[in-house]
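Q: What follows is a single structure, and I will ask about it in a moment.
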Amino acid sequence: ETGVTQSPTHLIKTRGQQVTLRCSSQSGHNTVSWYQQALGQGPQFIFQYYREEENGRGNFPPRFSGLQFPNYSSELNVNALELDDSALYLCASSSPGQGAFFGQGTRLTVV
Amino acid sequence: AQSVSQHNHHVILSEAASLELGCNYSYGGTVNLFWYVQYPGQHLQLLLKYFSGDPLVKGIKGFEAEFIKSKFSFNLRKPSVQWSDTAEYFCAVNATTNKLIFGTGTLLAVQP
């Protein structure tokens, strides 16, 4: 177990809806990153939060947004869902020199 | 743009065979390198990492990887695989930012 927990584990949404995914980071880690993993591909970086501020963003549109809270937990919000947003969404927490530790992910299906 | 290439998409081995999975990255500066493993139904787990120092890195479960800077490579090796090593293996790199760039993964199936 990594200590990184994500909720929910599975989710089905309709195209056009909005979704919020949640992540609790490992104790002592103040950096949280979100990744999208489509079937058969490696995880793709969405963005990273450090001490409640966005600290880097990948090639994802603005309808992907996030938050980090004072306890370093985090949310990923996706607006106006599209069919191609169907994927496994991974949260990872990290501290300098340790590498990133991943949660089990949230499997999002958009129909 | 930084990228990571994993040459083998699917590898099938018999137990006790030796394993080497290739990983090459494109970036000319200082990098941190990682191998992650994803067992069926489980989360991504860190196998090993290279930040600096000895280019031969030893990780968990008997895995090791060698960083060869001149070849931009970080190949994963294990002398003798077990059925329980069946999983998907991802190479990843981070360079100028904290984001991890992953390869497309290699599915390893070990036959008993």
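Q: Given (1) within 12 Å of chain B (Cβ to nearest Cβ); (2) of a type in the set (Gly, Ala, Ser); (3) in a strand (DSSP E or B); (4) without any contact (Cβ under 8 Å) to a residue 60 or more places away in the chain, where does residue A:65 come up short, assuming only one miss?
A: Just one mismatch for residue A:65, condition (1).
Q: Further question: Looking at the range B:77-112 only, could you name the residues that are among the basic types (Lys, Arg) and either more than 11 Å from every other protein chain (Cβ to nearest Cβ) or in a strand (DSSP E or B) (or both)?
A: B:77, B:78
Q: Yes or no: residue B:59 farther than 16 Å from residue B:31 by Cβ and either modelled with pLDDT under 95 or within 14 Å of chain A (Cβ to nearest Cβ) (or both)?
A: yes
Q: Something else now. Return yes when residue A:97 is within 14 Å of chain B (Cβ to nearest Cβ), within 25 Å of residue B:33 (Cβ to Cβ) and without any contact (Cβ under 8 Å) to a residue 12 or more places away in the chain and no when it is not.
A: yes
Q: Can you tell me which residue is surrounded by the fewest Cβ atoms within 10 Å (Cβ to Cβ) among those in the range A:11-56 that are in contact with a Ser or Thr (Cβ under 7 Å, 6 or more places away or on another chain) and more than 13 Å from chain B (Cβ to nearest Cβ)?
A: By that ranking, first place goes to A:28.
Q: Please specify each residue of the range A:79-93 satisfying the condition of being under 24 Å from residue B:41 (Cβ atoms) and acidic (Asp, Glu).
A: If the condition is that a residue be under 24 Å from residue B:41 (Cβ atoms) and acidic (Asp, Glu), then A:85 is the only one that fits.
Q: Right, something else. Please work out if residue B:74 is aromatic (Phe, Trp, Tyr) and facing chain A (nearest Cβ under 9 Å).
A: no
Q: Collect the residues in the range B:26-52 that are of a type outside the set (Val, Ile, Thr), more than 12 Å from every other protein chain (Cβ to nearest Cβ) and over 15 Å from residue B:106 (Cα atoms), keeping them in residue-number order.
A: Passing the criteria: B:26, B:27, B:28, B:29.
Q: If you don't mind, another one. Given the conditions (1) of a type outside the set (Asp, Glu); (2) farther than 21 Å from residue B:101 by Cβ; (3) surrounded by 15 or more Cβ atoms within 10 Å (Cβ to Cβ), and given that residue A:88 satisfies all but one, which numbered condition is not satisfied?
A: (2)
Q: Quickly run through the range B:1-31 and pick out the residues that are part of a strand (DSSP E or B) and not polar (S, T, N, Q).
A: B:4, B:10, B:11, B:12, B:13, B:19, B:20, B:21, B:25
Q: What residue, of B:45, B:111, is more than 12 Å from residue B:25 (Cα to Cα), exposed (fewer than 12 other Cβ atoms within 10 Å of the Cβ) and not charged (D, E, K, R)?
A: B:111
Q: Let me confirm something: among A:37, A:18, A:6, which residue is touching a Cys at 6+ places or on another chain (Cβ under 7 Å) and among the polar types (S, T, N, Q)?
A: A:6
The values are calculated or read from the model by the stated rules, or taken from the named source; none is laboratory data. For clarity, every value in this text was computed on a predicted model and none was experimentally measured. In this analysis, Cβ positions are derived from the backbone assuming ideal geometry, glycine residues included, and neighbour counts consider all displayed protein chains.
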